Amino acid sequence: AVEYLRLGPDQWYAHYLLARVLYPVRGRRQEALHYAEQARELAPNQADVHNLLGVVHRALEHRAEAERCYRAALALDPTHALARSNLALLHMGRSGTQQTMAGLRAAAASDPQQDSIHQNMALVSVLALVKRGTWLAQFDLVLALVMSAWLHAFGGTVRPRLVVTAIIVAGWLVVLGLWWRGLRPYLRSLVPAALNRLMRRSHARWGLGGIAGAVLCAVVALFWTQPAVVLAGYLCLLGGAGLSRTLVIRDRRRAAQDRS
């Protein structure tokens with residue numbers, strides 16, 4: 001890319017290409033921003049340039065600037081699928097999952113061949129399931145705490161413990177079933193890859209681990225009626241969510257370092 005730019009310093013695509021190469025690299029994102037801005041100066045009517053400039057701003061945590069760039073790309077080309085997809089993902093934390101999915105579906109309609117958009121749709125669906133799972137895990141812990149207190153006070157056989165365990169399992173099966181039924185058929189085949197992507201690259205994996213630990217503690221608390229087990233479940237749930245948030249904040253601080 002550097003050689004391309006040396007041979008064609010007046011070609012917008014040479015600056016564009018170098019910006020694409022550099023923006024994923026920590027410590028070189030400010031440099032990528034420079035080349036993306038140069039590409040925009042040379043080709044202000046290219047929607048791809050504005051979209052890339054938005055991507056670089058997003059990597060630097062310039063959310064307002066990123067949104068302006070994505071909207072500029074859409075103003076030049078209303079069918080620009082990647083700009084619409086990036087705009088939808090930019091608001092994922094602030095808007096509801098349904099709004100994000102609507103934006104991604106609109107992007108996919110503009111360019112059905114863009115695999116990355118469909119992969120993002122599957123990932124957003126998995127993240128929505130994680131959010132529902134957090135609430136369900138809290139319900140399971142409350143149910144386990146109430147049942148443990150009742151068993152500790154009045155005693156009981158194994159049967160009520162098994163009944164509550166069955167209720168917990170049934171609750172998860174219902175949530176998973178409704179979620180799976182709500183997915184469009186072509187997204188179902190992408191879910192395993194999205195889950196693998198979440199476990200390998202997303203900080204949300206710690207929240208998912210916290211949910212699994214909380215549910216396990218809830219079931220254990222039904223048979224070993226100790227408040228400490230339920231407390232351990234809450235610590236797993238809050239610890240997983242807290243670690244995910246802490247890592248996100250860390251990445252934002254690193255982006256701030258890249259800006260400097």
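The values are calculated or read from the model by the stated rules, or taken from the named source; none is laboratory data. Computed from a predicted model, the values in this text were never measured in an experiment. Note that we place each Cβ from the backbone using ideal geometry, even for glycine, and neighbour counts take in every protein chain shown. SASA here: full protein model, heavy atoms, side chains in, ligands and nucleic acids out. Shrake-Rupley method; radii C 1.70, N 1.55, O 1.52, S 1.80 Å.
Probe of 1.4 angstrom, ligands and nucleic acids ignored: what's the accessible area per residue over the chain, in square angstrom? Spelled out: the 1.4 Å probe surface of the chain, per residue, equals 56 Å². Computed per residue of the chain from DSSP H runs no shorter than four, each worth -39500 (n - 2.57), the mean residue ellipticity at 222 nm is -27500 deg cm²/dmol. Among 174-183, 58-67, sorting by the average number of other beta carbon atoms lying within 10 angstrom of each residue, highest first, gives 58-67, 174-183. Among rounded, prolate and oblate, which fits the stretch 49-116 when a ≥ b ≥ c are the square roots of the eigenvalues of its C-alpha gyration tensor, a/c under 1.5 means rounded, and a/b larger than b/c means prolate? Verdict is oblate for the stretch 49-116. Between Leu178 and Thr246, the contour length at 0.36 nm per residue exceeds the alpha carbon distance by 21.4 nm. Among the DSSP helices (H) of the chain, those spanning at least 24 angstrom by Cα along their long axis with an average Kyte-Doolittle hydropathy of 1.0 or more are 158-182, 204-223; this is a geometric and hydropathy rule only.
Here each label is just a point 7 Å from Cα along the line to Cβ, and for Leu231 and Ala64 those points are 4.6 nm apart.
Only Cα pairs under 8 Å and 6+ residues apart enter the sum, and on that basis the relative contact order of the stretch 64-109 stands at 36 percent. Comparing Ala170, Ala137, Ala241, which has the greatest mean-square fluctuation in the GNM of the chain with Cα pairs linked when under 10 Å apart? Ranking Ala170, Ala137, Ala241 by mean-square fluctuation puts Ala170 first. The simple Förster model, with R0 at 22 Å and r as the Cβ-Cβ distance, assigns Gln114 and Glu37 a FRET efficiency of 0.30.
Ranking Leu238, Trp206, Leu162 by Cα position along the charge dipole of the chain, where only Lys, Arg, Asp and Glu carry charges on their C-beta atoms, puts Leu162 farthest toward the positive end. Full extension of the chain between His203 and Ser189 yields a length gain of 2.8 nm, computed as 0.36 nm times the residue separation minus the alpha carbon distance. The stretch between His91 and Val158 holds 19.3 nm of extra length on full extension. This uses 0.36 nm per residue minus the Cα-Cα distance. How much of the accessible area of the chain, probe 1.4 Å, is carbon plus sulfur, in whole percent? Ligands and nucleic acids excluded, carbon and sulfur reach 61 percent.
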